Structure formats: structure tokens, C-alpha cells
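Taking it in order: structure first as C-alpha cells, then the write-up.
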Amino acid sequence: MSRTLHGVAAALAVLLASSTAAFAQDPSGKLVVVTSFPKDLTSAFQQAFQKAYPKVTLEVLNRNTNAGVKYLQETASNNGTDLFWASAPDAFEVLKGAKLLQAYKPKVEGIPEKVGAYPINDPEGMYAGFAASGYGIMWNSRYMKANELPAPKEWSDLAKPVYYDHVAISAPSRSGTTHLTIETILQGEGWEKGWRTNKEIAGNYRTITERSFGVPDGVNSGSFGIGIVIDFFALSSQASGFPVEFVYPTVTTIVPANIGIVKNAPNKAAAETFVDFILSPQGQEVLLQPAIRRLPVNPATYAKAPADYPNPFKDTSLGSQVNFDVEVSQARYNVVDALFDQLITFQLDGLKAATRAIHQADAALAKKPNDKAKALLAEARDLVAAMPVTAQEAADPQLSGAFTVERKSATDAVPERQAQVEQKWSAFAKDNYAAARKKAEEALALAR
């Protein structure tokens, strides 16, 4: 072959290589994402991504975390989803365990291995962290002033009588972020003490919302004063001008919100590109937008954040008290949700009545001490705090395997085994709260 032909062949090889590379970097077609994130976040990323990659049409299917996991499980044999995008790491562990994700190592550099004590990415590459989040307490400062309420600092503060009927939370069975909050308290304080804390706070609830965004909306509007939320709800409300404040309790954790490529993704190339995009400097800066206000996983991005923006890479106290174990959380995920619903969500009236009686007796005893009344009040508190299962039982596959249907209300039809367990727990709670109320009322009578 002549030198000229060699030159032409070489030029063609270079052109072909560059064309192939350009094609690989320029995906096209439909990209389907199942996500639990609100429209404020998904729309911002959708606009930024499609501006950078105009040949891709991003389709967003919004599901809460549990519903999203079940959707991928149910459609696995004929999968049409490319990406799963949500906050709860244990939900990704469920999908990983079911072999419904595929490994991908992002090409972006500069992201640390951990945020606090928690790994940002799955060690096997099945999902990647793109933002970090912590859990805490949000309140409306005008509401607090009008009702002469002090600012809370710790979870235990919310159990104080002064906050009765002023607190709200979303149901963990319908909110992955709330599930993580409840699980964080359980891991940080231990099973028995953690449930005691959760139920003592619950006795002060004004309402339990069906979706997580119902809590910040209520705090913003002043429908109630205090909400248990993931941090970005409060941060975005502040950036939008609402009179709200937020605190991370000592017992909290900072964990990554994640994204993973679904096994047999129809548009794998576009899915990989989207993962790299949200981890890129351009994508990470989207998290700082006022309507989003998430914590980037790239430390360099914080240089562009407001001066008072939380930075878990600098403030090492955030999440330091809880070494969150995702495997423990995963093993009892459905049990924790079902316990919360059967002991709190569907028994809220009875729990509040018992709590109010306890508060009244406690106030009377402060003015007129009485040993017998004090003992009765302690019994009442223990009845409220009592649990029908231990931590070991909650993680037992024989029990957790009974919960196969997600409840949206107390009247939803569920399999017989699940119904039997839930009915037993419901009766346990109802009886205990009634007995607790009776003992608290007896204590009040003695203290008068």
C-alpha cells in the first residue's frame, strides 16, 4: 500500500473513531426515570439535561419510594424503565437484592468515598449517591411566636406537653424520607427507646400527612407549627422567603440520595449519560437552586453555595452520632412501616387521648406530688411505649415476609397473614392506650 493510501486509511480510522466517540457522547431517544422526587427537582434537572443533550427526551414517572420499588418489581419481565432515582438507600438495597439494577461506575471525579460515616456509592456500583440529606425539625417562627412555643433542638423536645397538637409528620409507609427519619431514631436510640421517643412525639401530632411534602406545606402556611422533615424541605422554604427555621437533632444521620440504572434498561447509553450529568459540576450546581436546596456530594460545589449553607464535609458533627446500617434498615423495612401505621397512624386518636391525660396528670403532680399517682403515671407511660415485637423479631424474614401489600388506609384489603399480624398489633395498641389513659386519669384524680 502506498504512503498516500496509508495516510487515507489512517485519516479514515481517526474520523471513524472520533465519530464513534461523538456518537457515544451524544445519546438520543427516550429516557424513562422512575422517581420519588418532587417536580421542583426533577423539572430543574430535566431542563438542564435536555439543554445539554437535546436528542434525549426525558420522561419522568413519579412514584413514592415504596410504590416505585414495587413498580420495578412488577414490570421486571418487560422492563421499560432506565433509571430509579430516590432518597432511600435501603430501597436501592431491595432492588439490588432482587437483581433489578445494573452496575455502572460514573466517570466524574472529585467525589469522596463517604459523607460523614456513610458511603456515597454502592461498593458494587449498583447505584450512586448524587446528593446528601439529613433529617430534622422544621418550624414556622411566626406560628411559634404567636403560640408562645420555644424552639426545639432535639427529638425528645417534641414530646414535651407544650408541643401538644402542634407537630406533624408524613406516614413512613408512604414516604421514603420519613421512613429513614424513623429508622434513624431507632438506630440512634435503640429499638425500645427509639419507639418510646417516636410514640411520645406522636402523641403530640396534629396530623399525619399522606405525602412528605404535605408537612413543609403545612408549616409554611402555618396550618401547624412544627414538622419532622428531610432538610431540603426547610432549606428550600427558607430560600423561598417563608418564615421557617430548621435544626438537625444530635441523633440524625446524613445519607446520600441515589440513582441507579435499571437492569435491561432500554436506553442504557442515555441512562449512563444522565448519571454522569447529575454528578458533573453543572448538575451538582442545580442542587443549590432555591426551590431544591439539596446537599451536593461534590465538596467543590459548596464554594458556590450561600454562606450559611449546611456542609457535611466541613461540619463533621452532622450525623456523627448515628452509624446508619442500611442492612438492618432493609431487613425490617416493611415491619417498621407497618408498626408505625398500626401503632400510630391508625391509632392516633387513642394515642393522643392517652398522651393528653398523661400531660394533665404530669402538670398536676408538679404542683402536688403524690407517690401513688407518680407510680400510676410511670405505668401509663410504659403502656404507651410498649412494643408488640422485639428488634430481633422485626428482622426475622418469617415476619417481614408477611408484609407484601402496601397499605394506604386501615381498610385496604391485604393477604390473610398480613391482616392477622396487623390486627394483633392494632388491638395491642388500642388496649394499651386505653389502659394508659385510665391510669393517667387515676393519677390526675389523686394529684388534685
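Just one of V247, V219 is modelled with pLDDT of 95 or more and under 17 Å from D40 (Cβ atoms); which is it?
Criteria check complete, one pass: V219.
Taking strands (runs of 3 or more DSSP E) that fall entirely within the stretch 1-120, which contain at least 3 residues that are modelled with pLDDT of 90 or more and among the small types (G, A, S)? Break it down into steps so the answer makes sense when it comes.
Working: elements: 29-35, 56-62, 83-86.
It comes to none.
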Residue satisfying all of: in the stretch 185-222; under 21 Å from S237 (Cβ atoms) and hydroxyl-bearing (S, T, Y); nearest to the chain's Cα centre (by Cα) among these: S212
Residue in the stretch 201-247 that is nearest to A132 (Cα to Cα), counting only those that are touching a strand residue (DSSP E or B) at 6+ places or on another chain (Cβ under 8 Å) and charged (D, E, K, R): D231
Residue match in the stretch 301-320 (condition: free of Cβ contacts under 8 Å to residues at least 24 places away in the same chain, touching an Asp or Glu at 6+ places or on another chain (Cβ under 7 Å) and open to solvent by 20 Å² or more (accessible area, probe 1.4 Å)): yes
In the stretch 398-424, residue nearest to R332 (Cα to Cα) [restricted to those that are of a type in the set (K, R) and in contact (Cβ under 8 Å) with a residue 24 or more places away in the chain]: R407
Members of the stretch 361-400 that are of a type in the set (S, T, N, Q), within 29 Å of the chain's Cα centre (by Cα) and either part of a helix (DSSP H, G or I) or surrounded by 14 or more Cβ atoms within 10 Å (Cβ to Cβ) (or both): Q392, Q398, S400
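Going residue by residue through the stretch 169-185, is there one that turns out to be under 24 Å from R211 (Cα atoms), touching a Leu at 6+ places or on another chain (Cβ under 6 Å) and open to solvent by less than 10 Å² (accessible area, probe 1.4 Å)?
Taking the stretch 169-185 as the starting set, the residues that turn out to be under 24 Å from R211 (Cα atoms) are 169-185.
Checking which are touching a Leu at 6+ places or on another chain (Cβ under 6 Å) leaves us with none.
Checked the stretch 169-185: no residue is under 24 Å from R211 (Cα atoms), touching a Leu at 6+ places or on another chain (Cβ under 6 Å) and open to solvent by less than 10 Å² (accessible area, probe 1.4 Å).
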Tally, over the stretch 222-244, of residues that are more than 16 Å from D40 (Cα to Cα) and either open to solvent by less than 20 Å² (accessible area, probe 1.4 Å) or of a type in the set (K, R) (or both): 7
Number of positions in the stretch 322-360 that are in a helix (DSSP H, G or I) and open to solvent by 20 Å² or more (accessible area, probe 1.4 Å): 17
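Tell me the strands (runs of 3 or more DSSP E) entirely within the stretch 214-291 that contain at least 1 residues that are of a type in the set (G, A, S) and in contact (Cβ under 8 Å) with a residue 60 or more places away in the chain.
Numbers: elements: 226-230, 244-247, 254-262.
Fully inside the stretch 214-291 and qualifying: 226-230, 254-262.
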Qualifying positions in the stretch 75-105 - over 9 Å from V262 (Cβ atoms) and buried (at least 22 other Cβ atoms within 10 Å of the Cβ): W85, A86, S87, A88, P89, D90, A91, F92
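The values are calculated or read from the model by the stated rules, or taken from the named source; none is laboratory data. Here the structure is a predicted model, which means the values were calculated and not measured. With ideal geometry, Cβ positions are generated from the backbone for all residues, glycine too; neighbour counts draw on all protein chains shown. The area values use the complete protein model at the heavy-atom level, side chains included, leaving out ligands, DNA and RNA. Shrake-Rupley method; radii C 1.70, N 1.55, O 1.52, S 1.80 Å.
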